[in-house]
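Shown next, in structure tokens, is the structure this report addresses.
The values are calculated or read from the model by the stated rules, or taken from the named source; none is laboratory data. Fair warning: this is a prediction, and the values are worked out from it, not measured in the lab. FYI the Cβ positions are ideal-geometry reconstructions off the backbone, even for glycines, and counts take in every protein chain you see. Just so you know, the surface numbers come from the protein's heavy atoms only, side chains and all, with ligands and any DNA or RNA stripped out. Shrake-Rupley method; radii C 1.70, N 1.55, O 1.52, S 1.80 Å.
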Amino acid sequence: MTDSRDAVQEFTKTTNAAVKQVRLVAKDAVAQIDAGTYGCEAWGRSMIKLFDIMARGSATHFQIAISDGCCPTSSTGGATCGMQPCDPIPVAADNDFSRELSVAVPFTRVGGQVTIPPNLIGFKPAVLVAGATSFAVYLRNPQYMGASYTGTVRLTRVTTNPADAGFTDEVVTVVL
């Protein structure tokens, strides 16, 4: 698996299956309690079943993380799980100057009020070379994963000549 969205879907599928299994254990325990047959042995069996569900789910989550490249084996490893850049965002080319990317207006969750602090947003690449026509946004903290956000990205010309200085702002909506 190389697409973080696939990994998130697999995590969700595994978690939902575990919740379904836990519900069955709980329903069985309630039925035994109602029948007056839920004693120490039944309690122990329920705990073993719950531990098994947790252990198998955790092992599956770990396997998904490994196959998605979320657990690099070196300090120079890949992105943090699920925090890969969004799909490329097209912009008009500036054939004369490189442009530095920054957050002009913070990213706010679509349909909500959660705002990502600008220092937790990254760009790939951080600087667009002259002529480049796309960039991507990524998170630096998994706390904000799994939602769409709208924000404004500022593309500032990299120049030492004040006459050539300038910027453009791009309002973007991304899934992070």
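Rolling a 1.4 Å probe over the protein heavy atoms leaves Ser134 with an accessible area of roughly 50 Å². Out of the total accessible area of the stretch 111-176 (probe 1.4 Å, heavy atoms of protein only), what percent is carbon and sulfur? Ligands and nucleic acids excluded, carbon and sulfur give 54 percent.
Each label was represented as a point 7 Å from its Cα along the Cα-to-Cβ direction; for Ala59 and Leu24 these points are 1.7 nm apart.
Rounded to the nearest 10 degrees, the inclination of helix 40-67 to the longest alpha-carbon principal axis of the chain is 20 degrees. Taking every protein chain into account, the accessible area of the chain amounts to 62 square angstrom per residue (probe 1.4 Å).
Modelled label positions at Val114 and Asn161, each set 7 Å beyond Cα in the direction of Cβ, lie 4.6 nm from each other. Working from label points 7 Å from Cα in the Cα-to-Cβ sense, the Ala17 to Glu170 distance is 3.9 nm.
Treating the angle as unsigned and between 0 and 90°, give the value, to the nearest 10°, between the Cα long axis of helix 4-35 and the longest Cα principal axis of the chain. It is inclined by approximately 20 degrees.
Note on Asp87 and Asp34: the extension gain reaches 13.8 nm, defined as 0.36 nm multiplied by sequence separation minus the Cα-Cα distance.
Multiplying the residue separation of Asp96 and Glu41 by 0.36 nm and subtracting their alpha-carbon distance yields 12.2 nm.
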